[in-house]
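Read-outs throughout are calculated quantities, based only on the coordinates presented, and are distinct from any laboratory measurement. Everything quoted here is computed from the prediction, not taken from an experiment. As a convention, Cβ positions derive from the backbone with ideal geometry for all residues, glycine included, and neighbour counts pool all protein chains shown.
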Amino acid sequence: MTDCLHPMFFLCVFLFEVFFLFFFEKKIWGTYFTPLNFLSLPYTLVTLVAIVYSYASLGVPDFYFPSLIVWMVGLFFFFIPSLFFSFANKNKEFLFQICVGKKDDNYRLLTVIALVCIAISMSRIHSVVSLSGMSFGSDEFSEEYEVKGVLAHLSVLMSAIFAYMVYKADARHKFAYIVILLALVGMYAVGVKSWIIAPFLIGYFARIVSGKTTFSFKSVLLPVLACILIFVLSYFILMVVSGKSELSSVWFTFVTNHFIDYLSGGALALSLDIKAGILEPEMTEALFTPVINIFNFVFGGEYLSSLNPIFLSIGDLGETNVRTFMGTIWVYSQNIFSYAIIVNVFGTFFYLLYSYLRFSSNIFMLLANCGNFTFLALGFFDFYWLTLGAYEIILILLLLYLMSRLSLRNVFKIKKE
C-alpha cells in the first residue's frame with residue numbers, strides 16, 4: 001500500500017507532524033526546550049541531510065521514504081506522556097532560569113574528585129604505554145586500556161563531572177577549563193567518540209536551558225562545530241598520532257566518509273531495514289538490557305547482549321548496525337502494541353523527570369534532565385538506553401542532586417522567566 005503513495009507524501013506528513021508538535025510543545029510547556037523537541041528536531045535535520053546525500057551520491061542507496069512512518073507513529077506515542085504531565089502541572093509556574101548564588105554547589109569537592117579520577121586515568125595510560133609500547137590512541141591501545149569493573153564506573157563518574165565542569169566554566173571558575181582538558185586525555189584513551197560528545201553536550205545544553213549562555217544561532221552552531229572537532233580529533237589521534245597514517249587527502253576522505261556515516265547511518269540503515277521487511281530477529285528484551293543484566297548479575301543469570309546482529313551496507317559509507325532511537329525500538333519489538341508501550345514507558349520517564357525540573361533550581365537536576373536531552377538528541381544515531389552508561393550518568397547526577405540538597409540549603413537564587 002505504501003508503494004502506491006508518492007515518496008514526498010511521507011516526507012511532507014512527517015515534517016508537518018514534527019513542526020506541529022514542536023510549536024504545540026511550546027504552547028503547553030512554555031518553552032521549546034522539551035524532551036520531544038530534543039528528540040525530533042536533530043533526527044529531522046539529519047534525515048534531510050541523509051535524503052539529499054543518498055540521492056546525490058551514486059555510491060549510497062536511496063532513502064526509503066515509507067520508513068518515516070516508524071518515527072511518525074513513535075513521536076505520537078512519545079507525545080502522550082508530554083500532554084499528560086503538562087496538564088498535571090498546568091497551574092504551576094516554570095522556574096526555568098537558574099542563577100548560581102554566591103555560595104557554590106560542591107564545585108571544590110567535585111574538582112578534587114575529578115583530579116583523583118584524572119590521576120588514576122593518567123597512571124593507567126602511563127602503565128599501558130610503558131608496559132606494552134603501544135602508541136596512545138591506537139586501536140590496540142584502546143583495547144588494552146579498556147576500563148572494566150570499578151574503573152568503568154569511575155569513567156562514568158568522570159563523564160558526569162566533565163558535564164558539570166562544562167556548565168561551570170567561566171571567569172569565576174577558570175580551573176574548570178583545566179579539568180576539562182585533562183579529562184579529555186582519559187576520555188580519548190577509551191576511544192569511544194559518543195562518550196566524549198555526550199558529556200560535552202550535557203553541560204552545554206545546561207548552559208543554554210538555564211540561560212547562562214544566550215540562545216542564538218551562534219550558540220547553536222558552536223556545539224555542532226565542537227562535536228565535529230571532537231570527531232575529527234578522535235581520528236587524528238587514532239590514525240596520525242599513533243603513526244598509522246599521515247595527514248593527506250586520503251585521510252581527509254576517510255574521516256569525511258566516517259563522519260557522514262555517523263551522522264546519517266542510522267536513518268539510512270533504518271530505511272534499508274524497513275524496505276527489506278526487517279531483518280532482525282525479535283529482541284524486545286534487549287531494549288531493557290541494562291536493567292535485565294543487573295538482575296542477572298545479582299541472581300546469576302546469563303548476560304544479555306543488546307547489540308544489533310544485522311549490519312547493513314550503506315554503500316560507500318560502509319556498514320552499520322544502528323537504527324536510530326525509534327527505529328531500534330521498532331525493529332527490536334516488531335509489533336505495534338509492544339512499540340507503543342515501550343515508547344510510552346520511556347516518554348513517561350523523560351517527562352516525569354522533566355516536569356520535576358519545573359520546580360527545582362538545582363544544577364544537578366538540570367544536568368540530569370540535559371543528560372536525557374542529550375541522549376534523545378543523539379537519537380538520530382541510535383537508542384542509547386541499550387547501554388548501562390546512559391542510565392548510570394543520569395543516576396550519578398541525581399545522586400549529586402540529593403547530596404547537594406543534604407549538604408547545602410538555599411544555594412540558588414531563582415530568577416523567574
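Between S404, S249, S121, the residue with the greatest mean-square fluctuation in the GNM of the chain (Cα pairs under 10 Å linked by springs) is S249.
Among C12, C227, C370, the order by Cβ neighbours within 10 angstrom, fewest to most, reads C12, C227, C370. Amide H contacts of E319: I314, each under 5 Å away and 5 or more positions distant or on a separate chain (H built 1.01 Å from N in the peptide plane; Pro and chain starts excluded). Separation of the range 12-56 and the range 271-301, taken as the distance between their Cα centroids, equals 27 angstrom.
Compute the Cα gyration tensor for the range 335-386, then decide on rounded, prolate or oblate, letting a ≥ b ≥ c be the square roots of its eigenvalues: rounded whenever a/c is under 1.5, prolate when a/b is larger than b/c in the other cases, and oblate in all that remain.
The shape class here is oblate.
The spacing between the range 197-256 and the range 320-355, judged by their C-alpha centroids, is 28 Å. Translational diffusion of the range 228-280, estimated by Stokes-Einstein from the Kirkwood radius over alpha carbon pairs at 25 °C in a medium of 0.890 mPa s, is 194 µm² per second. Here the Karplus curve 6.51 cos²θ - 1.76 cosθ + 1.60, taken at θ = phi - 60°, turns the phi angles of the range 265-281 into couplings of x, x, 5, 5, 5, 4, 4, 5, 5, 5, 4, 7, x, 6, 9, 6, x Hz, with x standing for Gly and Pro.
Summarising the label geometry, the points placed 7 Å from Cα in the beta-carbon direction at F20 and L225 lie 3.8 nm from one another. Here the label points at F259 and F295, each 7 Å from Cα along the C-beta direction, are separated by 4.4 nm in the simple model.
Per residue, the convex hull spanned by the Cα atoms of the range 282-355 measures out at 122 cubic angstrom. Cross-link check: pairs K174/K218; K174/K244; K168/K193; K26/K212 evaluated at a Cα-Cα cut-off of 28 Å; pairs beyond the cut-off: K174/K244. For the range 1-49, what does the alpha-carbon gyration tensor say about shape, rounded, prolate or oblate, given a ≥ b ≥ c as the root eigenvalues, a/c under 1.5 as rounded, and a/b over b/c as prolate? It is prolate, given that a/c is not under 1.5 and a/b is the larger ratio. The label-point distance for F175 and H126, in a model that sets each label 7 Å from Cα toward Cβ, rounds to 2.1 nm. Each residue of the range 376-384 was assigned a 3J(HN,Hα) from its phi angle through the Karplus curve 6.51 cos²θ - 1.76 cosθ + 1.60 (θ = phi - 60°); the sequence is 6, 4, 7, x, 5, 9, 6, 8, 6 Hz, with glycine and proline shown as x.
Do any GluC sites (Glu not before Pro) in the range 243-352 lie in a loop, going by DSSP, with at most 15 other beta-carbon atoms within 10 Å of their beta carbon, and if so which? Don't skip to the end; give the middle numbers.
Working: sites: E246, E282, E285, E302, E319; in loops: E246, E282, E302.
Qualifying residues, ordered by number: E246, E282, E302.
One decimal place: the segment Y356-V232 gains 40.9 nm when fully extended, by the rule 0.36 nm per residue minus the C-alpha distance. When you filter the chymotrypsin sites (Phe, Trp or Tyr not before Pro) in the range 213-279 for DSSP loop state and at most 15 other Cβ atoms inside 10 Å of their Cβ, you are left with F215. Each of L366, I202, L406 was scored by the projection of its Cα onto the charge dipole of the chain, and the greatest displacement toward the positive side belongs to L406; charges sit on the C-beta of Lys, Arg, Asp and Glu. Hull volume per residue, based on the alpha-carbon atoms of the range 147-262 and their convex hull, is 128 Å³. Placing unit charges on the Cβ atoms only, positive for Lys and Arg and negative for Asp and Glu, gives the chain a dipole magnitude near 2400 debye about its Cα centre.
Computed over the chain, the range of Cα coordinates on each principal axis works out to 64, 62, 50 Å, biggest value leading. Residues considered: R405, R124, R172. Largest GNM mean-square fluctuation over the chain, using C-alpha springs under 10 Å, is found at R172.
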